[in-house]
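What follows draws every value from the coordinates through simple rules; no lab data is involved. From a predicted model like this one, the values you see are computed outputs, not experimental measurements. We place every Cβ from the backbone using ideal geometry, glycine too, and count neighbours over all the protein chains shown.
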Amino acid sequence: MSRALVRGVSPSYDRAIVRDPGTPIDVGLARAQHGVYRQHLVRAGHEVREIPTDPNHPDCVFIEDTAVVVGEIALITRPGAASRRGEVEPVAAALGGDLGLVRMQGPGTLDGGDVMQLGGIVYVGLSERTDPAGAAWLSDLADQAGMGTRLVPVSGVLHLKSAVLPISEDTVVVTPDAIDETLLSGLRIVHEEDVERHMFSALPLGNDEVLVTSAAPRTASAIAALGLEVIPIDVSEILAADGGLTCMSILY
Ligand code: CIR
């Protein structure tokens, strides 16, 4: 059985960082949506472990940004947003029992949302949160694990996985015009529907099942047409703070 590390929604989640402030965030609804997400992980066969939430860290539910697991090693990140750096220690403590730890040191920064591992390649987004020095920490680990690294400049969105979502071992859903798609050569690309821009997110659950955001039904239909089973989930309050479905867990 594989493990999923999650972290509950903070009581201060309505003060999470948002790129485009506007929609108020409903913390209670976010908690309920997170609970449903957690249940899907359990149903898919993950052993779910939960770290207590932290009222001092509004964004701590987005646990993916704090650590990246490559093989038997967890790289404990130095998140790009200074206000999020205090989120990493409890995550390191939880992963340290199962995995070797490498702790990033400054000045580089890296968010796990900028990292996608697919087909033996680690793709690292260079974004407003992840810089070349941060990416270098990961490429060293990838080298040691016998994997290649590809750097993918990202603009106009928060992270690489805001624009490129794996849905199977060889297929990704890509937001149109967000990245140089030649950097994804070798992968099958499905485009996010333009009217659903920034509303699609996905998490492959294994057995050809993919958890998808219910806010993007047209893109979900395009995926279903490939023969994958799509399972929609309403995560409106997670999308409202620029999160998606990968960001609420670390799977290892
Ligand atoms: C942030 O700006 O850091 C959070 N509000 C959203 C982080 C989302 N993380 C992710 O998708 N990996």
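When DSSP beta bridges are restricted to pairs lying wholly in the chain, around 40% turn out antiparallel. Between the beta carbons of residue 73 and residue 155, assuming R0 = 35 Å, the FRET efficiency works out to 0.75 to the nearest 0.05.
Working note: Debye formula, equal point scatterers on the alpha-carbon atoms of the range 167-252, no solvent; log10 I(q)/I(0) at q = 0.16, 0.17, 0.26 Å⁻¹ is -0.61, -0.69, -1.47. Where only DSSP H runs of four or more residues are counted, the chain gives -6000 deg cm²/dmol as its mean residue ellipticity at 222 nm, each run worth -39500 (n - 2.57).
In summary, the convex hull built on the alpha carbon positions of the range 17-76 has an orientation-averaged projected area of 5.8 nm².
Looking only at the range 130-219, where both bridge partners belong to it, what percent of the DSSP beta bridges are antiparallel (to the nearest 5)? Given both bridge residues lie in the range 130-219, the antiparallel proportion sits at roughly 65 percent. Estimated at 0.36 nm per residue, the fully extended path between residue 23 and residue 218 surpasses their Cα-Cα distance by 67.9 nm. With each label modelled as a point 7 angstrom along the Cα→C-beta vector, the residue 143-residue 92 pair spans 2.3 nm. Between the range 181-217 and the range 141-163, the alpha-carbon centres lie 17 Å apart. Computed over the alpha-carbon pairs of the range 12-112, the distance histogram in 10 Å steps reads 14, 40, 36, 10, 0 percent, short to long.
Taken along its principal axes, the alpha carbon cloud of the chain reaches lengths of 43, 42, 37 Å, longest axis first. Extending 7 Å from Cα along the Cβ direction at residue 81 and again at residue 36 yields two label points whose distance is 2.3 nm. Here the mean projected area of the convex hull built on the C-alpha positions of the range 96-231 is 8.9 nm². Per-residue extension of 0.36 nm, minus the Cα-Cα distance of residue 182 and residue 169, leaves a gain of 2.9 nm for this segment. For the chain, a Gaussian network of Cα nodes joined below 10 Å ranks 175, 23, 66 by mean-square fluctuation, and the top entry is 23.
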